[in-house]
Every structure is written in C-alpha cells, then in structure tokens.
Amino acid sequence: MTSYISLPTYSSNIDERLRMIAGKCNQCGTLAYPQRPVCIKCGQNKFERVPLSGEGKIYTFSVVNGGGAPSEFDEEQTMTGDVYCGIVELEEGPRVMVRFTDINPEQLKIGMKVRAVVRRLYDQEGFLRYGAKFTQVA
Amino acid sequence: MMDVAVIGVGQTRYGMFPEKSLKELFHEAALAALADVDKGLDPRDVDEAFVGTLSTGGAQLGNFAPMMMEACGMVGAGARHIENACASSGFALRDAVSAIASGRAKVAVAAGIEKMSDLPRERNRLWLGISGDVEWERLAGTNFAGIYAMMARRHMHEFGTKKEHITMAAVKNRNNAVANPKAQFRAPLTLEQGMAAPNLASPLKFSDACGITDGASMAILCRAEMARDFTDQPVLVIGSGAGSDYVAIHDRPSMTMLKGAFEAGKEAYTTAGITSDDIDFAEVHDCFAIAELLAYEDLGFCDRGKSGPYIESGATLRDGARPVNNSGGLIAKGHPIGSTGTGQVYEVVNQLRGRADTQERQLSGARYGLTHNVGGSGAAVAVHIFKAVE
C-alpha cells in the first residue's frame, strides 16, 4: 500500500504539525492555522510565522468506529479499536481537526479544555509520522 | 441563452456488480437513456458529452470520457471527464446545460459512473478519504463519516436537534427504496432499528450512512426548441446553480450549513424565477442522514436550525407536502459516487413525466423538481430545477 500523504508533502509543513506554528496575516493580523497561501479574511498573501500556545477547547468530536478510519491507520486500529477525533478551537482563534489521545472517551464533550502534545500518527514508508494530538487538561 | 430540455434519461440498477465491467455498466445506462428518447436519437448526433466520475474504481484513468463514449457508440462527440468528487455528475449536468444554452451544442449528454466494488477493502478506505482536506482532516484519522458526524454533533448542540430527527431521514429513505426496483438497499428500517444500529462515527450509526455501490446514469439534453422532435414529454431545465466552500470543515465559520449549497440553491432559484416554496419534490444528497437535514435548511425548505421538527412533521415523506428522496436517496437507492448527480436527474425527470417505475412511487401533480448534489462535505455543490412541460 502506497502512502497517500508522501514524505515530501508531510515534511513540507512539519513546523505546523510539531511546533504549532501559525501564519499571522501581515495586513489584518488574522491567524491561519493550518497555514494557507491566502488570508481567509482579507485575501492578502504575506504572513509572519508565530507559534501558538497549543491550548484550546473541543468544538465538536466523533468516535470513529474500528475500520472507519483511512487505511494508513489500519495497524493502529487493529490494536486500539476506535479513533477519537474532532475539532479544537484554539485559544488564539483558529479551529483545527485533530486526534485526541490519553483521554477518557466517556468524558469527551463540547467545551472540554485540551492541549497539544506531540505523538506518533502512523508508520509508513519506513518513517514514523509524528504530529500534534490533543489531550485533556487536568 | 437557449432554453434547455431533457429528452431522455437512463440508469442502471444500483448495487454490487463485480461481474460487469466499467464499459458494460456505462453502456447499460446509455442504452436506457437512448431508448427513453421516444422518437429516437442516433447516438452519433450527440455533440458534446460530460462524464462524471471520481476515479473509476480507485484507479485514475486518462481520457476516461472518450473511453466511455466508445462503449456506447457516441464516438466523435467532444467528450471530457468532470470531477468534483460526489458532485461530479451534478457538475457534468451543469456543463451540458451550458453547452446547449450557449448555442455551441444542439444535443449534449451528462453522465456519471462509479465502480466501487472492484477494490480490496483497504484500498476502498484509502480512496474514500481523498475528497476531503487530506493533509489535516485525514491525518486526524477520519473519513467522511466522522466529518459529517462532527457536523451532526454541532447541529444537535446549537439547535437542540435530536439524534432521532437525524435517523428519521435514514428511515424515510430506506422505506422509500422498498418500492424502487433500481435501488440497492430495499429492506425497510424502523426508527428503533436505526437508533440501535452499531456505532459508525458517533453520533452517527451504520444505518445513517450510504454504502459501497456500482452504477451509472445518463441524461440526454437538447435545445428546448428541438425537443418535440425527440419526445412528446420533454422536461425543461429551468434553474442551475453551483457553489463551493472551504474543503476542510474547520475553516468554515459555520459547520451547521453548507455555504456552497446555500449559494447554489440561491442561483438555481434566481435563474428559474421561482422560490423554494414552489418546489414540489426534491432529490437531495443524503450521503449521511444529517446531510439531508442540512439540505432542508440550505435550500430553504424550512428555517435555519428547524430541520429536526420539519422532518418530524412528515412533510418530506412520500405522501407529505414536499417529498424528499422518494427514490430512497443515497442512503438506500445507493451512492455510486460519480453517478449520483445524473441518477437524481433520472428520478426527477421520470417523476415529472409521470413515468415512475411503480405506481406506488409516482408523485401526483408535481410541476417543479429539484436536485441537490454535494461533493465531499460540501466543498462543491450543484443544484438544478426541472419543470414538466404541459
């Protein structure tokens, strides 16, 4: 099975994935995370790179049944079953689709406080893919 | 701009047909559409063809449209492949309408096909996630079921919609498909069964989702002024609208509406010169049950946030005030991705002509029918409005 997200594509935005680096629009100050070529608000295309806190709240979520995730997660799903994922509204404003980790699925709810941690996503092309997952703030 | 009419429609049965090749499936739909042109049409008289498919069984093929033309005796027509994920053939229809309206083509076809059964399961799941924002949504470990589930959860949170309201769309559509010989899933479903089905992506259950389907469909269109040469029952395409949106739902200001669908609907109503109140029935894109509720709101069938009480009122049942997905919709008729848009046209045109395959399914007195075809989680949407000719 070939990987859908190739290593070069993955590595091109590794700063966003591992260090939570957002783009801040030079013109209107709107944050883009994930980064994007054109500002979602004013249409400008120059950004300053700024790190985000990684803190946020669950905006929506789903528990995806075993076998329902993309096939690169097959090995993990075989071991762990369900995938817990959702959208987090970051403290600084942007929303992003993420995986949850070290979280009690029974306690998942809209508004729950979560924080980014670097975790393994999956293993493909002989290379471990890491990224930010979100965990419950105690 | 020239007026445009549909003069023939055809569709294969939807289901799993591992014994049929891609060309055989397409040929079957084309043959049915040609036979549906009552006074006959030489397939070589087709000027332009637009063929919707996502990726022909997970395998990208170049020059796909000429290959399909070859399979149905339409060699020579200007043909091209249209891809907008699950809205591929809704956009193929829009392009066919434009080709005729502009005066460039006299006769054009819009068609769609998908063969989803030929793949190993893991390749199917690899492939099914490719119409979203793969760099972020997919790396979070979700396919479309999870994405629509997240929209459903927001709808429940923001408007107090109950899970039962969402499942009511699946129940209605499954029960509608019982009488449709072209449908894939023809076993009825009760609300209790739907609510008790295994988890797919919470809050959605397996019964809230469409399946894996093979199928093909075709609509043949011409200048309205020529339509009587081909049939005594042409159906006019009076409205066409299209819209798009951010691919990843996390970039959208609201996750409880599809902005692209709202815009497409607005354009379709404006071009048709009518309002949502005039629509007698519709085929909408219910890939997951929540999508049908969002469609009610985006198309103006009910107020924003009120789709739960609206479906509960029974208004969209077969015998309701405005039947929706009388065919069974994507959930029960089936969702062979590229075929879905023109498959909806097949249903709407037959209803407007009074030619539903069974009497039980025939709607009476319908003048205006609407199709709503969504790509992915709303990144691209095409809406069309059809009118019967008295």
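Where the alpha-carbon atoms of the range B:109-215 are placed on the principal axes, they occupy 39, 35, 30 Å, in descending order.
With neighbours defined as other Cβ atoms within 10 Å of a residue's Cβ, the residues A:Lys133, B:Lys259 order from fewest to most as B:Lys259, A:Lys133. For B:Lys163, give me every one of the lysines with a C-alpha distance below 22 angstrom, ignoring sequence neighbours fewer than eight places off in its own chain. The reachable lysines, counting only those whose Cα sits under 22 Å from B:Lys163, are A:Lys109, B:Lys172, B:Lys205, B:Lys306. Please work out the Kirkwood hydrodynamic radius for chain B, using every pair of different C-alpha atoms, and report it in angstroms with one decimal place. Result for chain B, one decimal place: 20.3 Å. Of B:Gly239, B:Gly62, B:Gly378, which is the most mobile in a GNM of chain B whose springs link Cα atoms less than 10 angstrom apart? So, out of B:Gly239, B:Gly62, B:Gly378, the one fluctuating most is B:Gly62. Length gained on full extension, B:Ala196 to B:Asp277, computed as 0.36 nm times the residue gap minus the Cα-Cα distance: 25.6 nm. Quick one: Karplus J couplings for the range B:230-246, per residue in order, coefficients 6.51, -1.76, 1.60, θ = phi - 60°, nearest Hz, x for Gly and Pro? Each residue's phi maps through the Karplus curve to give 9, 7, 8, 10, x, 10, 7, 8, 9, x, 9, x, 8, x, 9, 8, 4 Hz.
With contacts defined as alpha carbon pairs under 8 Å and 6 or more residues apart, what's the relative contact order of chain A in percent? If you can, show how the numbers build up before the last one.
On the way: 255 pairs, mean separation 30.2, N = 138.
Computed value for chain A: 22 percent relative contact order.
Shown for B:Phe185, B:Phe26: other C-beta atoms within 10 Å of each C-beta, ranked fewest to most, produce the order B:Phe185, B:Phe26. Working note: Cα atoms of the range A:50-95, range along each principal axis, descending, whole Å: 36, 21, 14.
In the calculated pair-distance distribution of the protein assembly as shown, the portion above 44 angstrom amounts to 15 percent of the Cα-Cα pairs. For the range B:231-370, the Stokes-Einstein estimate of translational diffusion at 10 °C and a viscosity of 1.306 mPa s comes to 101 µm²/s, using the Kirkwood hydrodynamic radius over alpha-carbon pairs. The fewest-to-most ranking of B:Cys72, A:Cys42 by surrounding Cβ atoms within 10 Å reads A:Cys42, B:Cys72. When the Cα convex hull of the range A:1-107 is projected onto planes of every orientation, the mean area is 8.0 nm². From the C-alpha gyration tensor of the range A:4-52, pull out the three semi-axes of the equivalent ellipsoid (sqrt of 5λ each), sorted largest to smallest, in whole Å. The equivalent ellipsoid of the range A:4-52 has semi-axes of 22, 12, 7 Å.
The angle between the Cα long axis of helix B:163-177 and the longest principal axis of the Cα atoms of chain B comes to about 30 degrees, rounded to the nearest 10.
Rounded to the nearest Hz, the phi-derived 3J(HN,Hα) couplings of the range B:259-272 under the Karplus curve 6.51 cos²θ - 1.76 cosθ + 1.60 (θ = phi - 60°) are 4, x, 6, 4, 5, 5, x, 4, 5, 5, 5, 5, 5, 7, where x marks glycine and proline.
Quick one: compute a quarter of the convex hull surface over the Cα atoms of the range B:39-146 and quote it in nm².
8.5
The charge dipole of the protein assembly as shown, taken about the Cα centre with unit charges on the Cβ atoms of Lys, Arg (+1) and Asp, Glu (-1), comes to about 880 debye, rounded to the nearest 20.
No lab work stands behind these numbers, since they all come straight from the coordinates. Since the structure is predicted, the reported quantities are computational estimates derived from the model, not experimental observations. Please note: Cβ atoms are built from the backbone with ideal geometry, for glycine as well, and neighbour counts cover all protein chains shown.
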